[in-house]
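Have a look at the structure below, then the notes.
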Amino acid sequence: MSTSSAAPHRLSGGLGPGAIVFMVVAAAAPLTVIAGTVPLGISAGNGAAYPASYVVCTVILLFFAVGFTAMSRRVPGAGAFYTYITHGLGRHVGLGAAFLALLTYSAVQGAVYGYIGAAIDTFVAGHGGPSVPWYVWSLAMMAVVGLLGYRHIDLSGKVLGVLLICEVGIVLAIDAAVLVTGGASGPSTAALRPAEFLSGAPGVALIFAVAGYIGFEATAVFRDEARDPERTIPRATYLALLVIGGFYALSSWSVVTAWGDDGAVALAGANPEGMVVDTAVRYLGATAGDLVEVLLITSLFAALLSFHNVLARYIFSLGNSAALPARCGRSHVRHSSPYVASVVQTVSALVLVMVSAAAGLDPVTEVFAWFAGIASVGVVALMTLTSVAVLVYFRRDGSDSRRWNTRIAPVLGLAGLTVLLAMTVANMPLLVGGSRPLAVVVGALLAAVFLGGVALALLRPAAARPRPSPPSGGTATTPEEPEKEIAR
């Protein structure tokens with residue numbers, strides 16, 4: 001595959017709101033959340049009222065999305081969180097956020113590579129096949145993800161669309177079967193009672209719930225490949241949040257209803273990893289249980305592909321802003337893809353998997369759990385910083401007079417995210433397997449990476465210079481002009 005020596009810096013595509021929503025929802029890995037996170041939220045959080053946690057998180061993130069999408073109309077570039085933080089709080093904080101985002105999404109990918117390796121091995125061995133080390137399967141999936149990431153974004157969108165329909169379809173089939181039969185003892189009402197929601201550990205429940213939304217910023221990350229960014233990005237953002245939140249709330253409620261309030265709490269505590277498979281077998285038959293196992297693997301693969309695409313575009317954007325080598329900002333002549341950034345991302349994932357394997361880490365209880373814990377803290381911190389950046393930017397810029405979009409909703413979102421961040425930090429040991437020393441190490445790593453980005457901004461004055469916003473009603477500057485803007 002040839003590339004131009006001119007190294008074009010523009011991505012292209014014709015993604016509409018639906019295709020971008022597919023990317024975002026696929027990154028959320030809905031079946032993985034229902035099969036893996038929901039039982040944990042029920043057992044360690046607030047029991048049968050856990051589905052209400054998704055409603056609370058959706059409301060908070062919808063407030064956040066109002067300012068986020070208002071910013072997307074004014075600020076160019078595909079960096080999303082870090083780009084907005086740079087324009088609002090300056091390039092020092094912005095580059096710190098950029099490197100924090102790279103760590104956060106690399107951790108997510110590392111977690112999923114561990115989980116998918118273990119899931120494939122369990123499935124193959126359980127059906128008479130050979131048992132091989134988990135990382136062998138992880139590396140095989142990495143090769144496929146790397147190939148798709150190298151190609152045009154439309155191909156990834158089609159693959160994700162098919163996989164997403166399948167995994168969402170089986171969960172909705174379970175939901176329908178539970179609704180038709182009425183569940184174990186009729187529809188659960190625990191999620192509707194405030195006293196039930198506040199019982200147990202509601203803070204822990206909200207932490208598990210918000211982890212299911214990691215990656216929804218991809219709506220803005222794909223702006224250069226959107227058909228009509230100024231309309232597509234806001235529509236895709238709101239639609240993605242409503243689809244994700246509605247799906248999680250409905251499906252987690254169905255799981256509770258399937259076993260009854262007390263039965264669901266007991267099963268979630270005794271067999272969390274098999275709860276959804278058991279639910280499928282009970283209401284749809286043994287074949288459905290096998291299908292859930294297969295679709296869990298495809299769900300994990302879809303998440304890997306989505307996060308690969310998001311990370312590649314972060315690296316691409318940083319390459320075009322002199323924060324990373326300029327080669328990282330090249331796009332492929334034929335595929336219009338960030339092919340160099342995609343290769344860099346694949347290599348970093350390879351290193352992460354091989355180091356985990358060499359260290360003898362368990363792919364689920366350590367690789368998945370620890371890396372997911374790192375990501376949970378990182379993404380909430382990034383959203384909180386972005387909320388502050390939105391408020392500062394519009395107060396200083398004054399180009400958007402809509403008070404709801406630029407002040408009221410962002411303040412409400414910031415308040416909710418600040419509470420979530422405080423709860424996430426306070427419960428960090430829980431997110432990394434109950435180890436307080438490991439939680440301290442994780443916190444220090446997150447802080448060090450952020451400060452590393454700040455240090456880079458001090459050492460390289462040209463890095464991540466914000467480009468001027470377009471005039472009111474105008475079109476944002478395209479990413480193909482980074483060197484001109486920096487020179488100014």
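With respect to the numbered conditions (1) farther than 19 Å from ALA176 by Cβ; (2) among the hydroxyl-bearing types (Ser, Thr, Tyr); (3) part of a helix (DSSP H, G or I), which one is the sole condition not fulfilled by TYR248? All conditions pass for TYR248, except number (1). Residues in the range 257-275 that are of a type in the set (A, V, I, L, M, F, W, C) and touching a Pro at 6+ places or on another chain (Cβ under 6 Å) were compared, and the one that is farthest from VAL180 (Cα to Cα) is ALA268. Listed conditions (1) at pLDDT below 85; (2) in contact with a His (Cβ under 7 Å, 6 or more places away or on another chain); (3) buried (at least 24 other Cβ atoms within 10 Å of the Cβ) are all met by GLN345, apart from (1). Scanning the range 389-403 for residues that are open to solvent by 50 Å² or more (accessible area, probe 1.4 Å), assigned to a helix (DSSP H, G or I) and under 22 Å from VAL93 (Cα atoms) yields a total of 4. Tell me which residues, restricted to the range 438-462, are under 18 Å from TYR82 (Cβ atoms) and in contact with a Phe, Trp or Tyr (Cβ under 8 Å, 6 or more places away or on another chain). Answer for the range 438-462, where residues must be under 18 Å from TYR82 (Cβ atoms) and in contact with a Phe, Trp or Tyr (Cβ under 8 Å, 6 or more places away or on another chain): VAL449, PHE450, GLY452, GLY453, LEU456. Number of residues in the range 423-447 that are more than 16 Å from SER53 (Cβ to Cβ) and in a helix (DSSP H, G or I) equals 16. Can we say TRP259 is farther than 26 Å from THR424 by Cα, at pLDDT 90 or above and either open to solvent by 40 Å² or more (accessible area, probe 1.4 Å) or under 22 Å from the mean Cα position of the chain (by Cα) (or both)? When the stated conditions are applied, TRP259 passes them.
The values are calculated or read from the model by the stated rules, or taken from the named source; none is laboratory data. Everything numeric here is computed off the predicted structure, so don't read it as measured data. Don't worry about glycine lacking a Cβ; one is built from the backbone with ideal geometry, like all the others, and counts go over all protein chains shown. Heads up: the accessible areas ignore ligands, DNA and RNA and are worked out on the full protein's heavy atoms, side chains in. Shrake-Rupley method; radii C 1.70, N 1.55, O 1.52, S 1.80 Å.
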